[in-house]
Amino acid sequence: MTKLRLFALLLAFVPALGLAASSGPLESSGTDLSDRASLQRGAGLFMNYCSGCHSLSLHRYSRIASDLGLSQELVEQHLIQGDAKFGENINTGIAAGDGNAWFGKAAPDLSLTARAKLGGPDWIYSYLKGFYVDESRPLGWNNTVFPGASMPNVLWELQGIQRPVYEEGHDGMQHVAKLELASPGRLDAAQFNQVARDISGFLQYVAEPAALKRESVGVWVVLFLAFFTFIAYLLKTEYWRDVH
Ligand code: HEC
């Protein structure tokens, strides 16, 4: 087989790999790295609901503060959990061994997860929305995006409790067709979507902090080009005036 054909064949498998990585299509997260308020809320939600188990070991609180425009005082009062210092990396309170014992698996570091997962922030968004009650699982929860995940639904009080509606698939097996809200949480669906979006956006920023910079530089580049086009236009009319 020629190299080109082999390459084409490999490419053909890429979408198949994507499907294998998750059980259903992902929902679009709608994250927006230029929405600073959303990223700030995401940081707060992450520290409150996730950092007990997950670290962001490649990041310091101080870096997140300066990137997201948060004061040291605010970070120290509201974001830092435990007795960590402002300049320290974001670690979790749990030792890996305890995580293994409690959940059967240590909670992974999430510094790069938004880049590692196929679908990026959409994967995280769909994962956070995909928890449902499943008594057959050790912690009583399962997930549509990550079947058999050993993470409990930590946001259930906000989201409410979802139950699965099963459907027989082509293979004759029962599959989760959709999730239904069995008992409501503190937030309505739109508010909970925003919570999931804020957290996904924050993790997207965390996985590539330079993207924030790139977006803000991008605006200036476009403005500069527009300004330069204007100058060039003035120059052109100036030169051609004498010709006519
Ligand atoms: C009680 C501990 C705990 C809390 C709190 C927690 N998680 Fe998890 N999380 C886990 C465990 C354990 C896993 C590993 C699941 C597995 O591999 O089966 C996991 C896995 C994940 C993964 C998949 C990572 C990967 O590489 O596969 C993501 C993303 C994630 N958690 C996000 C979050 C977010 C966002 C929050 C906060 C809203 C959160 N988690 C809160 C325990 C926790």
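The values are calculated or read from the model by the stated rules, or taken from the named source; none is laboratory data. Just so we're clear, the structure is a prediction, and the values are computed from it rather than from any experiment. Every residue, glycine as well, gets a Cβ built from its backbone with ideal geometry; the counts of neighbours run over all protein chains shown. Accessible surface areas use protein heavy atoms only, side chains included; no ligands, DNA or RNA. Shrake-Rupley method; radii C 1.70, N 1.55, O 1.52, S 1.80 Å.
Identify all residues within region 111-137 that are assigned to a loop (DSSP other than H, G, I, E, B), touching a helix residue (DSSP H, G or I) at 6+ places or on another chain (Cβ under 8 Å) and not hydrophobic (A, V, I, L, M, F, W, C); write none if there are none. So that I can check it myself, show each step before the final result.
Step one: list which residues in region 111-137 are assigned to a loop (DSSP other than H, G, I, E, B), which gives 111-112, 117-120, 130, 134-137.
Still in the list and also touching a helix residue (DSSP H, G or I) at 6+ places or on another chain (Cβ under 8 Å): 111-112, 117-120.
Hits for region 111-137 are Ser111, Lys117, Gly119, Gly120.
Determine if region 171-183 includes at least one residue that is within 21 Å of the chain's Cα centre (by Cα) and small (Gly, Ala, Ser). Within region 171-183, none of the residues are within 21 Å of the chain's Cα centre (by Cα) and small (Gly, Ala, Ser). Residues in region 67-83 that are part of a loop (DSSP other than H, G, I, E, B) and farther than 23 Å from Gly201 by Cβ: Gly82, Asp83. Each residue in region 156-181 was checked for being open to solvent by less than 80 Å² (accessible area, probe 1.4 Å) and within 11 Å of the ligand (Cβ to nearest atom), and 2 pass.
Considering every residue within region 114-131, establish whether at least one is modelled with pLDDT of 95 or more, over 18 Å from Phe202 (Cα atoms) and open to solvent by 60 Å² or more (accessible area, probe 1.4 Å). No, that holds for no residue. The condition of being within 24 Å of Asp32 (Cα to Cα), of a type outside the set (A, V, I, L, M) and either part of a helix (DSSP H, G or I) or touching a residue at least 12 places away in the same chain (Cβ under 8 Å) (or both) holds for Arg197. Tell me, yes or no, whether region 61-78 has at least one residue that is surrounded by fewer than 18 Cβ atoms within 10 Å (Cβ to Cβ), within 30 Å of Ala190 (Cβ to Cβ) and among the basic types (Lys, Arg). So far as region 61-78 goes, no, none of its residues is surrounded by fewer than 18 Cβ atoms within 10 Å (Cβ to Cβ), within 30 Å of Ala190 (Cβ to Cβ) and among the basic types (Lys, Arg).
Restricting to region 34-64, give me the number of residues that are among the polar types (S, T, N, Q), assigned to a helix (DSSP H, G or I) and more than 27 Å from Gly218 (Cβ to Cβ).
Looking only at that region, the number is 1.
Looking at region 140-155, is at least one residue surrounded by fewer than 18 Cβ atoms within 10 Å (Cβ to Cβ), free of Cβ contacts under 8 Å to residues at least 40 places away in the same chain and in contact with a strand residue (DSSP E or B) (Cβ under 8 Å, 6 or more places away or on another chain)? Yes: region 140-155 contains one or more residues that are surrounded by fewer than 18 Cβ atoms within 10 Å (Cβ to Cβ), free of Cβ contacts under 8 Å to residues at least 40 places away in the same chain and in contact with a strand residue (DSSP E or B) (Cβ under 8 Å, 6 or more places away or on another chain). Scanning region 200-211 for residues that are out of contact with any His (no Cβ under 7 Å at 6 or more places or on another chain), assigned to a helix (DSSP H, G or I), open to solvent by less than 30 Å² (accessible area, probe 1.4 Å) and more than 13 Å from Leu45 (Cα to Cα) turns up Tyr205, Ala207, Ala211.
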